[in-house]
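What follows is one structure encoded as structure tokens, with my remarks underneath.
The values are calculated or read from the model by the stated rules, or taken from the named source; none is laboratory data. Computed from a predicted structure; not experimentally measured. Ideal geometry is used to build each Cβ from the backbone, glycine not excepted, and the neighbour counts take in all protein chains shown.
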Amino acid sequence: MQPAAPVPQPVSTVPAPPPSTVRALSCPNCGGIVNVRAQGLTVSVLCEHCGSTLDATRPDLQVIARANEALKTPQIPLGTRGTLGGRVWEVVGYMERTDEEIVWAEYLLFNPYEGYAFLVDDGRRFSLGIMLDRLPTMGWGNRLTLDDQGYSGFGTPYPVHVTFVVGEFYWRVAVGETVQETDYVRPGTMLSCEESETERTWTRLDLLDWGVAEKAFGIPARRREYSHPAPHEPSPYKRQLGEAMIIGIVALFTLMVISTFAGGEQQIGQTTTDAVLDGPEKTVVIRGLDLPSARSRVVVDADAGAIDNAWVDLDYSLTDEKTQDSVDTYGLAEHYSGSDSDGSWTEGDPRPEVSLSSIPGGKYDLIVTLSAHRWNGGSSSSSFSMPTGFAGSSIFGQDGGQTIPVTVTVKRGGVFGGNILLAFLLIAIWPLIVLFKHFGFEKRRMAPISGSGGSDDDDSGGDDD
Amino acid sequence: MLDATCPNCGAPIRFRSNDLPVKVCDYCRTSVLRTGGNLQAIGKIAEVPDDVSPLQLGVRGRDGAHSFELIGRVRWRYADGAWNEWLALFDDGSTGWVGESTGRYMMLRPVPSSGLAPDVLSFVKSGRAIRIGGVLTVGAIEYSVNDAREVTCVASEGELPFNAPLGLKTMSIDLMTPDGGCASIQRDQDGEVDAYAGRYVSLGDMAASNLRAFEGWPMPAYRA
């Protein structure tokens, strides 16, 4: 339709630069510049200079609520852009809300291709909230399922009030606006249902790692602390607990293997001799005991299985053949029996076992000195009771006295049961500490709904430098 | 397809679909009604106010096996906001709507009137208040009511199945299912009820191309 005139360049080859998403308008109340960043979607604008509420659905930004108040400045300024999970978001609105116990901040984020998201700041950590376009399904016992993941109800529905607003929103926002909120949690994620008279919306809040939001939007990183965990905060000890458990189980298994294999004692010497009851001391030597390890455990077993109402004193001296250094110990084989008004009884261990630990390696002799004694306190029914006339007499020769065969066996190796127990306790210490820390954290996490609340120290939680 | 000239300004206008009787002239914003071969100017349409929607006429996308192009738009407003409904012309000649509200998208196809149970139909026709959270069945699927409100046409552009002048009023009921399904029931000023059903989708789900560019904003990653 245009007259044919020489046109230096066809219009179509000079594409107009893409439009900006930001419209600078002036506040009808204070005249300050109001940047509208989501024109056409934004419904309410709260002027960041005077706090007036403006109707963004009207071209003239009609004032809905006039205000001239000193405004708070959000920690992340309006208009700041940041990348979270590969998506660029721009801060377009900021509000503070309270459940009457604690106050938290919510940033409204916008991207023309992604729509809206919420950055929720509880003062410690940030969560990214996306409004759901599907509904969770109700399960048993106040539980929900969304995308095959279970969420448990966190407390009861509670009212949430808006206490401060600035910036722009896609709904009519006002201080004092109240919704009924119900939370459902799983580690790392919260599903939050907000109900008003006209709408019910579901938001999925994903807890961001420490420092992620701060880095994305250019604010100082928060200090890690776990004294007041968020309801959907995963226990920082859970991974440690898993690791500690695995290490503990491996250590325990190793311990069992060691005690099974190393527990296999090896016999290195044995001798059998006859001890004469109430006869003279007798000495026998087991020679050539070989202890190849630098340090060994040596077990000396005595077996005087046939004795009754008698005892055998066994003095052991384990002597290094080279150095003549010796380690002395003793055993007592005894067995008594009889009967009284309560019936028959037996007492004593005829097979005493003596352990020596940390014996240096080398060749050893074990010198065993035995002396057997009869005990006359038993009843006459005792099978070995002898006429008292024999007792205590040394005038009879060896073959005249009652003899008891005693077998002494020397073994090396093996593990002390006490050491095994000690090792077990040492292994258990770390998993137990982590377990207690984990339970402590979970208790604090659930604290807001388990009665007392303990919100009186909420203020002191944030003042660490 | 029909190529013609605007009865008001004489600019060329093109009817892409034979089933769509209304076209808003791109030049003079006159609403042109086609009856058979006759074109009739039936009124001026307000310009669609600028918004930061990434959609525009000419955007192409897919819904399952079928590709579409956006050829028309109606912008609706209610007391607490506004949204767009984009008319999609599919490669098989059928049409559907892409609803765009608060940065979220609904891919909707018309549900035949038989898809609404008679009691639901009469209830919607009666104009009685609908309870939020209540359950309605559309096309054998149960939906819960998200919101129900009276909406007013702000502006329209392109090709449309009806004339959408400023001030046209409609009752709009938004429905959704737990698994991302959604539906919309609309009752016009004459009491006619139309139902649409589909799913919430992202621009990536639609593989939308030819999107509007905005200064300083990277295009969505799915296009790479």
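Being among the acidic types (Asp, Glu), touching a Lys or Arg at 6+ places or on another chain (Cβ under 9 Å) and either modelled with pLDDT under 90 or surrounded by 20 or more Cβ atoms within 10 Å (Cβ to Cβ) (or both) narrows it down to one of A:Asp325, A:Asp290, so name that one.
That would be A:Asp290, the only listed residue that is among the acidic types (Asp, Glu), touching a Lys or Arg at 6+ places or on another chain (Cβ under 9 Å) and either modelled with pLDDT under 90 or surrounded by 20 or more Cβ atoms within 10 Å (Cβ to Cβ) (or both).
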Original post:
Take the residues of the stretch B:115-141 that are assigned to a helix (DSSP H, G or I) and farther than 28 Å from A:Leu132 by Cα: which is farthest from the other protein chains (Cβ to nearest Cβ)?
Top reply: B:Pro118
**OP:** Looking only at the stretch A:73-96, decide whether some residue is more than 11 Å from chain B (Cβ to nearest Cβ), of a type in the set (Val, Ile, Thr) and exposed (fewer than 14 other Cβ atoms within 10 Å of the Cβ).
**Re:** yes
Original post:
Quick check: is even one residue across the stretch B:196-204 within 17 Å of the chain's Cα centre (by Cα), more than 14 Å from chain A (Cβ to nearest Cβ) and not in a loop (DSSP other than H, G, I, E, B)?
Top reply: yes
Subject >> Criterion violated by A:Asp121 - all others in (1) charged (D, E, K, R); (2) closer than 30 Å to A:Ile219 by Cα; (3) in contact with a Gly (Cβ under 7 Å, 6 or more places away or on another chain) satisfied >> reply: (3)
Subject >> Residue among B:Arg212, B:Arg187 that is within 14 Å of another protein chain (Cβ to nearest Cβ), of a type in the set (D, E, K, R) and either over 13 Å from the mean Cα position of the chain (by Cα) or not in a loop (DSSP other than H, G, I, E, B) (or both) >> reply: B:Arg212
Original post:
Which residues, taken from the stretch B:5-41, are more than 14 Å from every other protein chain (Cβ to nearest Cβ) and surrounded by fewer than 15 Cβ atoms within 10 Å (Cβ to Cβ)?
Top reply: B:Arg14, B:Asn18, B:Asp19, B:Thr35, B:Gly36, B:Gly37, B:Asn38, B:Gln40
Original post:
Any idea how many residues of the stretch A:305-320 are under 21 Å from A:Asp365 (Cα atoms) and either touching a Pro at 6+ places or on another chain (Cβ under 8 Å) or at pLDDT below 90 (or both)?
Top reply: 2
Subject >> Residue tally, condition within 14 Å of chain B (Cβ to nearest Cβ), modelled with pLDDT of 90 or more and surrounded by fewer than 17 Cβ atoms within 10 Å (Cβ to Cβ), over the stretch A:195-219 >> reply: 0
Original post:
For the subset of the stretch B:163-180 comprising residues that are buried (at least 19 other Cβ atoms within 10 Å of the Cβ) and over 15 Å from B:Leu108 (Cβ atoms), which member is nearest to the other protein chains (Cβ to nearest Cβ)?
Top reply: B:Met171
**OP:** For residues that are surrounded by fewer than 20 Cβ atoms within 10 Å (Cβ to Cβ) and in contact with a His (Cβ under 8 Å, 6 or more places away or on another chain), scanning just the stretch A:100-140, find the one that is nearest to the other protein chains (Cβ to nearest Cβ).
**Re:** A:Glu100
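Every residue, every condition in (1) at pLDDT 90 or above; (2) farther than 23 Å from B:Pro49 by Cβ, yes or no:
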| residue | (1), (2) |
| --- | --- |
| B:Asp119 | no, yes |
| B:Ala155 | yes, no |
| B:Pro161 | yes, no |
| B:Ala164 | no, no |
| B:Ser172 | yes, no |
| B:Ala183 | yes, yes |
| B:Asp190 | no, yes |
| B:Ala195 | yes, yes |
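Conditions (1) buried (at least 17 other Cβ atoms within 10 Å of the Cβ); (2) touching a Leu at 6+ places or on another chain (Cβ under 6 Å), marked per residue:
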residue: A:Ala221; (1), (2): no, no
residue: A:Glu243; (1), (2): no, no
residue: A:Leu252; (1), (2): no, no
residue: A:Gln266; (1), (2): no, no
residue: A:Ala275; (1), (2): yes, yes
residue: A:Asp308; (1), (2): yes, no
Subject >> Residue satisfying condition, being touching a Ser or Thr at 6+ places or on another chain (Cβ under 9 Å), assigned to a strand (DSSP E or B), at pLDDT below 95 and surrounded by fewer than 19 Cβ atoms within 10 Å (Cβ to Cβ), within set A:Val63, A:Val45 >> reply: A:Val63
Original post:
Looking at (1) aromatic (Phe, Trp, Tyr); (2) over 24 Å from B:Trp83 (Cβ atoms); (3) touching a strand residue (DSSP E or B) at 6+ places or on another chain (Cβ under 6 Å), which is the one condition that is false for A:Trp140?
Top reply: (3)
Subject >> Single unsatisfied condition, A:Gly150 versus (1) surrounded by fewer than 17 Cβ atoms within 10 Å (Cβ to Cβ); (2) within 11 Å of chain B (Cβ to nearest Cβ) >> reply: (2)
**OP:** Kindly provide the set of residues from the stretch B:68-99 that are in contact with a Cys (Cβ under 9 Å, 6 or more places away or on another chain) and under 19 Å from B:Gly58 (Cβ atoms), ordered by number.
**Re:** B:Val74, B:Arg75, B:Gly99
Original post:
If you take the residues in the stretch B:99-114 that are more than 14 Å from chain A (Cβ to nearest Cβ) and in contact with a strand residue (DSSP E or B) (Cβ under 6 Å, 6 or more places away or on another chain), which one is nearest to B:His66 (Cα to Cα)?
Top reply: B:Arg109
Original post:
In this structure, is A:Gly129 under 20 Å from A:Ala230 (Cα atoms) and modelled with pLDDT under 90?
Top reply: no
